[in-house]
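Take this structure, written in structure tokens, and hold onto it; I'll ask about it next.
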Amino acid sequence: MSLTTDRSRAGARGGTTTGTVPSPTTSRGADVTTETSTRTPSAAPPAATSVPELLTALTAPDPADVPVDPRVVTLRSGTWELGVLPATGGSLAFGRVLVDGEWLDLLRPTRPTVYGAPEKCASFPLVPWSNRIRDGVLRFRGRTWTLAHNAADGTAMHGAVAYYTWRVVDRTAARVELELDTRGLVGVNFPWRFRSRLVYELDGADLRVTTTVENVDTEPFPAGFGHHPYFQRRLTPAAFTAPSPVTADAADEGDAPATTPSSSPGASSGTLPGSDAVLHVPADRGYALESAMAVTSAGAVRARADYRDPRPLGTAFVDDVLTGLRPGEPVHWTYPEHGVDVRLDLDDVYSHLVVYLPRRRTHFAVEPVTNVNDGFALHDAGVDGTGVFVLEPGESRSGTFTVSVGRV
């Protein structure tokens, strides 16, 4: 077996907006804010088709010995295996790909002991806004709400859905659809009622993720959404849980820094040895940030976050918001040691990207998001291009991004 090079695409860049009739609403007791105050394993593995695959199968854990974790909905295709955690805000536990008969972690793998912590997962959705709201203060059309400060920097961060259980609406071997309706919830950190749908779908070499936010309230509200995937800086054998049907035994710590320093060009000291991923982000504008939040409209791309010419991830700390994505030119990165290319295609609604490279870690993030950090404040101040959109009652907005793997 080898990595398929089929690249079915998600279609042209373009989000969708639809109008629907809202369901009858209930009391606003679910609001936390107040206006102007606050996964049987498959049977035996299929016969290997090559000597390397046979060796892999013989050294793999017996699938019968791998416990089934009821928290994980596992999706599979010929190339991907994806672990979905409906009870952890619709987060992902793992995302691995089959390369030359070996399962490798593409997304940062999650320790099962922290499946309940979205921010420690491989990826998690950001609804109904992306990134931060300064001081938790949300202003819209002359009114002010103070949201709960759920980040160490005193901001309201990463949306309001991470710690709720999403209902499984539909499931097949390669697709799962989840839904969260806040009308039946208490303590949601957002002033208005909304419903969100999240679809994870595998199709050969492609992983498609579709997010929908719908206004089920009686008045308009500002909104946005995104996703926070952590990708491996270097592809490593699958960790923590055994893939099916075959895998290599490994003990990579995933999100922990390794102790072996690397001298490879562009590698971060203290991370896994080998060549760093080479990143290309065709974005022509970026934001001046203050405490990780935008203070004005987009301008020049800062040098540390400029990947318009493909280059290794490098050692610099990067936490930047980019926009001005070039039409028809996808974001992508390559893993030189494996000859693997990863491509990220985005609907138009994803007008922004957050590129995050923490120091001395085995992962990095390229986050498809609709809005800039603290976009609500800029939108309320009349700044153009924030990516924030307003939903009228019964209106919804959807967007899809696709992660595709192929050969260089």
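Output the residue which, of all residues in region 122-156 that are among the small types (Gly, Ala, Ser) and open to solvent by less than 10 Å² (accessible area, probe 1.4 Å), is nearest to residue 95 (Cα to Cα).
Our first condition is that a residue be among the small types (Gly, Ala, Ser); within region 122-156, this holds for 122-123, 130, 136, 142, 148, 151-152, 154, 156.
Narrowing further to those that are open to solvent by less than 10 Å² (accessible area, probe 1.4 Å): 122-123, 130, 136, 156.
On the way: 122: 7, 123: 9, 130: 22, 136: 32, 156: 28 Å.
Of everything passing the filter in region 122-156, 122 is nearest to residue 95 (Cα to Cα).
Looking only at residues in region 357-388 that are within 21 Å of the chain's Cα centre (by Cα) and of a type in the set (A, V, I, L, M), which one is surrounded by the fewest Cβ atoms within 10 Å (Cβ to Cβ)?
For region 357-388, the residue satisfying everything is 365.
Another question, then. For region 333-356, indicate whether the set of residues that are surrounded by fewer than 22 Cβ atoms within 10 Å (Cβ to Cβ), among the acidic types (Asp, Glu) and within 23 Å of residue 131 (Cα to Cα) is non-empty.
Yes, there is a match, as at least one residue in region 333-356 is surrounded by fewer than 22 Cβ atoms within 10 Å (Cβ to Cβ), among the acidic types (Asp, Glu) and within 23 Å of residue 131 (Cα to Cα).
Can you name the residue in region 168-178 that is within 17 Å of residue 92 (Cβ to Cβ) and either of a type in the set (D, E, K, R) or outside any loop (DSSP other than H, G, I, E, B) (or both) and, of all such residues, is most open to solvent (accessible area, probe 1.4 Å)?
Once the filter is applied, the top-ranked residue is 171.
Still on this structure, please answer the following. Being more than 19 Å from residue 68 (Cα to Cα) and open to solvent by 10 Å² or more (accessible area, probe 1.4 Å) is the requirement here; does residue 111 meet it? Even if it seems obvious, please write down each step before you answer.
Working: more than 19 Å from residue 68 (Cα to Cα): no; open to solvent by 10 Å² or more (accessible area, probe 1.4 Å): yes.
Answer is no for this residue.
If residue 159 meets every condition in (1) open to solvent by less than 50 Å² (accessible area, probe 1.4 Å); (2) not in a loop (DSSP other than H, G, I, E, B) apart from one, which number is that one?
For residue 159, the exception is condition (2).
Look at residue 356 and say whether it is farther than 17 Å from residue 374 by Cβ and touching a strand residue (DSSP E or B) at 6+ places or on another chain (Cβ under 9 Å). It would help to see each step written out before you state the result.
On the way: farther than 17 Å from residue 374 by Cβ: no; touching a strand residue (DSSP E or B) at 6+ places or on another chain (Cβ under 9 Å): yes.
The answer is no for residue 356.
The values are calculated or read from the model by the stated rules, or taken from the named source; none is laboratory data. No experiment lies behind these values; they were computed from the predicted model shown. Every residue, glycine among them, receives a Cβ derived from its backbone with ideal geometry; neighbour counts consider all protein chains shown. Heads up: the accessible areas ignore ligands, DNA and RNA and are worked out on the full protein's heavy atoms, side chains in. Shrake-Rupley method; radii C 1.70, N 1.55, O 1.52, S 1.80 Å.
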